[in-house]
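Student: Input: one structure, supplied below.
The values are calculated or read from the model by the stated rules, or taken from the named source; none is laboratory data. Model, not experiment: these values are computed from the prediction. In this analysis, Cβ positions are derived from the backbone assuming ideal geometry, glycine residues included, and neighbour counts consider all displayed protein chains. Each accessible area value is taken on the protein alone, full model and side chains, heavy atoms only, with ligands, DNA and RNA left out. Shrake-Rupley method; radii C 1.70, N 1.55, O 1.52, S 1.80 Å.
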Amino acid sequence: MTDIGEWLLKVRGERPLVHNITNLVVTNVAANALLAIGASPVMAYAEEEVADMARLAQALALNMGTLDQRVVAAMRRAGRAANDAGVPVVFDPVGVGATPYRTETARTLCDELRLAVLRGNAGEIGVLLGAGGAVKGVDAAGAAAGLPQAMRAYAAERGCVVVATGETDYVTDGKTVWALRNGHPLLAAVTGSGCQLTAILGAFVGVAGRGADVAVQAAAVIAGITCFNVAAEMAAARADGPGTFQARLFDALYHLTPEDAVARARVEVLDEGRMA
Amino acid sequence: MTDIGEWLLKVRGERPLVHNITNLVVTNVAANALLAIGASPVMAYAEEEVADMARLAQALALNMGTLDQRVVAAMRRAGRAANDAGVPVVFDPVGVGATPYRTETARTLCDELRLAVLRGNAGEIGVLLGAGGAVKGVDAAGAAAGLPQAMRAYAAERGCVVVATGETDYVTDGKTVWALRNGHPLLAAVTGSGCQLTAILGAFVGVAGRGADVAVQAAAVIAGITCFNVAAEMAAARADGPGTFQARLFDALYHLTPEDAVARARVEVLDEGRMA
Amino acid sequence: MTDIGEWLLKVRGERPLVHNITNLVVTNVAANALLAIGASPVMAYAEEEVADMARLAQALALNMGTLDQRVVAAMRRAGRAANDAGVPVVFDPVGVGATPYRTETARTLCDELRLAVLRGNAGEIGVLLGAGGAVKGVDAAGAAAGLPQAMRAYAAERGCVVVATGETDYVTDGKTVWALRNGHPLLAAVTGSGCQLTAILGAFVGVAGRGADVAVQAAAVIAGITCFNVAAEMAAARADGPGTFQARLFDALYHLTPEDAVARARVEVLDEGRMA
């Protein structure tokens, strides 16, 4: 588990440029989360520049929380440019399943682009993978029973990392499934905590380098989730509710040490029996 | 007044999905205010999905703070779908009177849609109702003398609740006019406090149920305003200025108890003599 | 230096309406920064109303952080209306140099509009003026050696105030170059601190009045930067990291006194020898 700390140091050392095409709710907080962890965020949406920006970046983070035609077109263009240049793409299918438009768009992006990481809440990932689960607006309203296996099968087929977050977070590279048990209930009481994590995963897979193996990207993702969730635990200890929690979360991301992250990490491999 | 507490418990218990088509300034804080009070926010703008989302929601909150053609088209489409499905619609005519475009748009939306609640600051409501008053950008710059009567006449004609906020907030269902005297001056020092309230009114009228009587919706609105303003009072007591106040406001909404809301509520019926 | 305090009192007294066409990352915080210092922000983007709103305002602040075709068209239209009405225009060429689209757009706006103030980080201003420097996404990645001279030449040619911010901030009216040394490293750890400053400069040049001389506008700009950076110093003393810093920054702007600003101001004229 020591390499969680090394991944954090790598982010701080390289200060990766993460190009975000994200939703209107979280634009500010996603940028602040990236700055706080030590990365360099850029938000760019115009068709005229998204390909240029994606090629310059160390990662591209796509989030369809407030999608529309223009945003979807920008995501496709940026995603193709990133794929061509070997820049890893993280995709967050916010609210997939809530409306047909979201479901179709999420499926199109997953099929057209080569994703490094697919991350959603358990409801979203269940819906997207056809494994069951439910979504209420943009919140998970139920997880499928066989979600970890469905995630592993999808990850193996597509050659990407799949992440479903919730009280326990599941991560798989198509071979192994990990269960991550850090975090805090206040994360569900602020808007866009999942979107902030998606942006941060861009920073971590960004420093894994272009063309990194999916197993290496999974290690980066596990480190990113753990750093974010450990910071949330530390923030919650100093917060009086969701408002002060969000402010303290940026503080905690900024001050997080590799030692904190490693000492508090709760990562385990999920064996076959416990997946069912 | 005890039912203010019951309305709050109802929001917490039902966790109503509130579909917001709101402005770029407050997207994040409106979502956080809804989460903090115990509701489930969703922001969706695309013409392809707004009707679907509005029908799924327990309330639709429209806010024209940063309107443009596409947003207005989305509001009209979502509003009609909500009307057809009996989902209550809350409308916030931000900055009406500041430019002809805002004034025309606000009038069109008021005329085309069947609103459950119309809420603005005293300047905006005065301008929109043709009762006088003034607007400077998006801030009230003066209220009309006969505003409560004009509000009551409009509410009676349209069968909706009309709310004008300010140091004193006025609410009417077309028969009675209430004066609400909770709140804190720091609300005027953070952007979008009125917009946050509009979103929260969506949660309260949402739990009144589809097809609720205007008098019931007025009770829900009075409860929503009072909960928000009492939370603001409690937040102000722990804040050092507008920045910490906004964070503390989310904390206070999250921790607000029915007892606090009831004990601090300052709601009175405005008699004819005092309306003039 | 006493007039820094007078400029602050003038902003608080006049409560200038500042029309912002800004980016999606900072819409909320730019509005809150303006409210906190005592100005009245309005955000308006629609082609149908930007000219009307710009004419009503005491200043127009343009920021291309998340530009697209529609935003650029709105900026051009609002800018021309402001120019025609004598309303001062502040322009922030966020990320110029990062992509060809940003560079072309920034040059077009600078050439088409008569700017009162051009403000960017040292990397952006260097790129825009053809003086060297580099940009990484939207962050400065290096400043040109002869930047102050290049700024002075450009300011003299265009008759505007040019500002390049960084650890030291440079301001010139085309004759004198000032070096301003207030501020705090946490400003670089929150997103959009430069954009918040741009909005605030709108308030300060706004109270300089229509048609004010460039030297007077430079004095307003120096006061605005100093007030913002002194507030940042005071906020940092009470913050635990970037999240609490942003909240405390609004508090500090709100409570800033003319005496604080004057006592802490570090403004000096840069002589020829030290510019090289």
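Student: I'd like to verify a number: residues in region B:28-56 that are in contact with a strand residue (DSSP E or B) (Cβ under 9 Å, 6 or more places away or on another chain), assigned to a helix (DSSP H, G or I) and of a type in the set (Val, Ile, Thr), how many?
Tutor: Count: 1.
Student: For region C:144-188, which positions are crowded, with 21+ Cβ neighbours inside 10 Å, over 17 Å from the mean Cα position of the chain (by Cα) and more than 15 Å from residue C:110 (Cβ to Cβ)?
Tutor: Hits for region C:144-188 are C:144, C:147, C:186.
Student: Another one. Among the numbered criteria (1) touching a Phe, Trp or Tyr at 6+ places or on another chain (Cβ under 9 Å); (2) part of a helix (DSSP H, G or I), which single criterion is violated by residue B:239?
Tutor: With (1) touching a Phe, Trp or Tyr at 6+ places or on another chain (Cβ under 9 Å); (2) part of a helix (DSSP H, G or I) applied to residue B:239, the lone miss is (2).
Student: For region A:30-41, which positions are within 9 Å of another protein chain (Cβ to nearest Cβ) and in contact with a Cys (Cβ under 8 Å, 6 or more places away or on another chain)? Steps first, please.
Tutor: To start, the set of residues in region A:30-41 that are within 9 Å of another protein chain (Cβ to nearest Cβ) comprises A:30-32, A:34-36, A:40-41.
If the condition is that a residue be within 9 Å of another protein chain (Cβ to nearest Cβ) and in contact with a Cys (Cβ under 8 Å, 6 or more places away or on another chain), then A:30 is the only one that fits.
Student: OK, next. Which residue is surrounded by the most Cβ atoms within 10 Å (Cβ to Cβ), if the candidates are limited to region C:6-41 and must be more than 20 Å from residue C:221 (Cα to Cα) and over 15 Å from the mean Cα position of the chain (by Cα)?
Tutor: Restricting to residues being more than 20 Å from residue C:221 (Cα to Cα) and over 15 Å from the mean Cα position of the chain (by Cα), the top hit is C:25.
Student: Restricting region C:250-273 to residues that are among the charged types (D, E, K, R) and free of Cβ contacts under 8 Å to residues at least 60 places away in the same chain, which is nearest to the other protein chains (Cβ to nearest Cβ)?
Tutor: Checked region C:250-273; the qualifying residue nearest to the other protein chains (Cβ to nearest Cβ) is C:260.
Student: Can you pull out the residues in region A:14-27 that are in contact (Cβ under 8 Å) with a residue 60 or more places away in the chain and in a helix (DSSP H, G or I)?
Tutor: A:14
Student: Cβ-Cβ below 6 Å, separation at least six or inter-chain, first residue in region C:65-90 and farther than 15 Å from residue C:199 by Cβ, second assigned to a helix (DSSP H, G or I) and basic (Lys, Arg): which pairs?
Tutor: Cβ pairs passing all conditions: C:81/C:55; C:85/C:55.
Student: Also, quick follow-up: Only one of these is away from chain A (no Cβ under 14 Å) and out of contact with any strand residue (DSSP E or B) (no Cβ under 6 Å at 6 or more places or on another chain): C:164, C:153, C:122. Name it.
Tutor: Only one candidate qualifies: C:153.
Student: Can you pull out every residue in region A:91-119 that is among the acidic types (Asp, Glu) and touching a residue at least 12 places away in the same chain (Cβ under 8 Å)?
Tutor: A:92, A:112
Student: I need a count of the residues in region C:73-99 that are in a helix (DSSP H, G or I) and crowded, with 20+ Cβ neighbours inside 10 Å.
Tutor: Result for region C:73-99: 6.
Student: Please determine whether any residue of region B:64-79 is within 26 Å of residue B:149 (Cβ to Cβ) and more than 14 Å from chain A (Cβ to nearest Cβ).
Tutor: yes
Student: Looking at C:144, C:156, C:215 in this structure, which one is touching a helix residue (DSSP H, G or I) at 6+ places or on another chain (Cβ under 8 Å) and among the small types (Gly, Ala, Ser)?
Tutor: Details: C:156 fails: touching a helix residue (DSSP H, G or I) at 6+ places or on another chain (Cβ under 8 Å); C:215 fails: touching a helix residue (DSSP H, G or I) at 6+ places or on another chain (Cβ under 8 Å).
Checking each option against the conditions leaves just C:144.
Student: Failed condition for residue B:247, given (1) open to solvent by 20 Å² or more (accessible area, probe 1.4 Å); (2) assigned to a helix (DSSP H, G or I); (3) within 14 Å of chain C (Cβ to nearest Cβ), with all others met?
Tutor: Tallying (1) open to solvent by 20 Å² or more (accessible area, probe 1.4 Å); (2) assigned to a helix (DSSP H, G or I); (3) within 14 Å of chain C (Cβ to nearest Cβ), residue B:247 fails exactly one: (1).
Student: Residue C:201 - would you say it is away from every other protein chain (no Cβ under 11 Å), surrounded by fewer than 23 Cβ atoms within 10 Å (Cβ to Cβ), within 15 Å of the chain's Cα centre (by Cα) and in contact (Cβ under 8 Å) with a residue 24 or more places away in the chain? Break it down into steps so the answer makes sense when it comes.
Tutor: On the way: away from every other protein chain (no Cβ under 11 Å): yes; surrounded by fewer than 23 Cβ atoms within 10 Å (Cβ to Cβ): no; within 15 Å of the chain's Cα centre (by Cα): yes; in contact (Cβ under 8 Å) with a residue 24 or more places away in the chain: yes.
In short, no.
Student: Within region B:211-237, which residues are surrounded by fewer than 24 Cβ atoms within 10 Å (Cβ to Cβ), farther than 18 Å from residue B:162 by Cα and in contact (Cβ under 8 Å) with a residue 12 or more places away in the chain?
Tutor: Within region B:211-237, B:233, B:234, B:236 qualify.
So that you can scan it fast, the table gives a plain yes or no per residue for (1) touching a strand residue (DSSP E or B) at 6+ places or on another chain (Cβ under 8 Å); (2) part of a loop (DSSP other than H, G, I, E, B); (3) at pLDDT 95 or above; (4) under 24 Å from residue A:139 (Cα atoms):
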position: A:178; (1), (2), (3), (4): yes, no, yes, yes
position: A:187; (1), (2), (3), (4): no, no, yes, yes
position: A:191; (1), (2), (3), (4): yes, yes, yes, yes
position: A:197; (1), (2), (3), (4): yes, no, yes, yes
position: A:221; (1), (2), (3), (4): yes, no, yes, yes
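Student: Under 6 Å by Cβ, and 6 or more places apart or on different chains, what pairs join a residue from region A:42-55 that is over 18 Å from residue A:32 (Cα atoms) and more than 7 Å from chain C (Cβ to nearest Cβ) with one that is buried (at least 24 other Cβ atoms within 10 Å of the Cβ) and charged (D, E, K, R)?
Tutor: Every condition considered, no pair remains.
Student: Can you tell me which residues in region A:125-143 are part of a helix (DSSP H, G or I) and either open to solvent by 10 Å² or more (accessible area, probe 1.4 Å) or in contact (Cβ under 8 Å) with a residue 40 or more places away in the chain (or both)?
Tutor: Those that are part of a helix (DSSP H, G or I) and either open to solvent by 10 Å² or more (accessible area, probe 1.4 Å) or in contact (Cβ under 8 Å) with a residue 40 or more places away in the chain (or both): A:127, A:128.
Student: For residue A:102, work out the one condition from (1) surrounded by fewer than 21 Cβ atoms within 10 Å (Cβ to Cβ); (2) closer than 30 Å to residue A:53 by Cβ; (3) within 13 Å of chain B (Cβ to nearest Cβ) it doesn't fulfil.
Tutor: Going through (1) surrounded by fewer than 21 Cβ atoms within 10 Å (Cβ to Cβ); (2) closer than 30 Å to residue A:53 by Cβ; (3) within 13 Å of chain B (Cβ to nearest Cβ) one by one, residue A:102 breaks only (1).
Student: Within region A:250-276, can you find the residues that are open to solvent by less than 80 Å² (accessible area, probe 1.4 Å) and of a type in the set (Ser, Thr, Tyr)?
Tutor: A:257 - this is the single residue of region A:250-276 that is open to solvent by less than 80 Å² (accessible area, probe 1.4 Å) and of a type in the set (Ser, Thr, Tyr).
Student: Can I ask one more? Of all residues in region B:103-122, which are over 13 Å from the mean Cα position of the chain (by Cα) and part of a loop (DSSP other than H, G, I, E, B)?
Tutor: Matches in region B:103-122: B:113, B:114.
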